[in-house]
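Enquirer: Before anything else, here's the structure in question.
The values are calculated or read from the model by the stated rules, or taken from the named source; none is laboratory data. What you see is a predicted model, and the numbers here were worked out from it, not measured in a lab. Cβ atoms come from the backbone with ideal geometry, glycine included; neighbour counts cover every protein chain shown.
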Amino acid sequence: MLAKKLLLSNADFKKRFKRVVSSPHFVVRVTHNELGHNRFGVIISAKVNSKSTQRHRLKRFILAEVKSWPSWSRDLILVVLGQLVDLSGREIANELALLKDELIRLFSISSNDSNL
């Protein structure tokens with residue numbers, strides 16, 4: 001589980017997120033913060049799985065995977081799309097790793113962009 005300082009509060013979900021990176025099962029919305037570390041939020045709707053226990057298990061798994069991402073001083077919301085529960089843990093981890101690589105590439109290209 002992530003430390004509380006690394007989680008977004010409910011009020012932070014209402015901020016305008018400027019960049020969007022997507023994959024077949026995720027959409028990542030990104031905005032800059034002034035804290036010096038990343039903060040994460042995960043949105044999993046009941047359409048993904050009607051059982052809240054499965055949604056929470058999936059959320060904990062996703063947060064455990066993104067815990068190792070490098071710090072970019074960004075707020076990141078991961079929105080889960082479709083039937084992610086049908087994938088294995090390894091497939092989810094691989095897709096999150098691809099998203100991390102795409103974010104690293106995006107942040108290295110636009111490192112001078114303070115509005116990211």
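Enquirer: Looking at (1) touching a residue at least 40 places away in the same chain (Cβ under 8 Å); (2) within 17 Å of Phe13 (Cβ to Cβ); (3) not in a helix (DSSP H, G or I), which is the only condition Gly82 fails?
Expert: (2)
Enquirer: Here's another thing I want to ask about it. Under 8 Å by Cβ, and 6 or more places apart or on different chains, what pairs join a residue from the stretch 88-109 that is within 18 Å of Thr31 (Cβ to Cβ) with one that is in a helix (DSSP H, G or I)?
Expert: Hits for this filter: Lys100/Val66.
Enquirer: Another question about this same structure. Restricting to the stretch 48-79, what's the tally of residues that are of a type in the set (Gly, Ala, Ser), in contact (Cβ under 8 Å) with a residue 40 or more places away in the chain and in a loop (DSSP other than H, G, I, E, B)?
Expert: Residues meeting the conditions: 1.
Enquirer: Residue pairs, Cβ under 6 Å, 6 or more apart or interchain, first in the stretch 27-47 and within 15 Å of Ala3 (Cα to Cα), second at pLDDT 90 or above. List them.
Expert: Phe40/Val66; Phe40/Leu76; Gly41/Ile77; Val42/Lys59; Val42/Ile62; Val42/Leu78
Enquirer: Scan the stretch 85-95 for residues that are surrounded by 12 or more Cβ atoms within 10 Å (Cβ to Cβ) and in a loop (DSSP other than H, G, I, E, B) and report the count.
Expert: Matching residues across the stretch 85-95 total 1.
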